[in-house]
Amino acid sequence: MSDVQRRYDKLIDEMPIHVNVARAEEMFQWFRYWIIRQVLAEKGPMCEERLRLEIAMKMYRHEESVRQLIEKALSHVSHCSVSRDCSTFRADPPFHHLGTIAES
């Protein structure tokens, strides 16, 4: 194990649980934003309801039963169009507020 990995593990182990939960939430938001941008780049502008289903499809496409449910829901959603602007979604990189290990 490298020195950097040991230092990282030590910092993570010493972190309070609420900080670990906040980090996980932030990573989820970052990942969700990344998928939103990817879906909009591939399929173009769409309404929020369709966007949510397209995101779910991207995340769960390999789970047959879930994919079938999403496809059914998508068949009932109109092809409405909205702005490509995703500014309401968080775009901050994960862990930006924690600094780096080098700062410790």
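Amide hydrogen proximity for MET46: with H placed 1.01 Å from N in the peptide plane, the residues at 5 or more positions away or on another chain lying under 5 Å are VAL82. Here the range 3-86 was treated as a single set of alpha-carbon atoms; its pair distances binned every 5 Å from 0 give 3, 13, 17, 16, 14, 9, 9, 9, 6, 3, 1 percent.
From most to least packed by mean Cβ count within 10 Å, the peptides 29-37, 11-19 give 29-37, 11-19. Each residue in MET1, MET46, MET57 was given a count of other beta-carbon atoms within 10 angstrom of its own, and listing them fewest first yields MET1, MET57, MET46. For ASP3, the shell of other residues with beta-carbons less than 12 Å away shows a net charge of +2, using +1 for Lys and Arg and -1 for Asp and Glu.
Any read-out appearing in this document is the output of simple, stated calculations on the displayed coordinates, not a laboratory observation. In this text, all values refer to a predicted model and were calculated from it rather than measured experimentally. Counting neighbours? That spans all protein chains shown, and the Cβs are built from the backbone with ideal geometry, glycine included.
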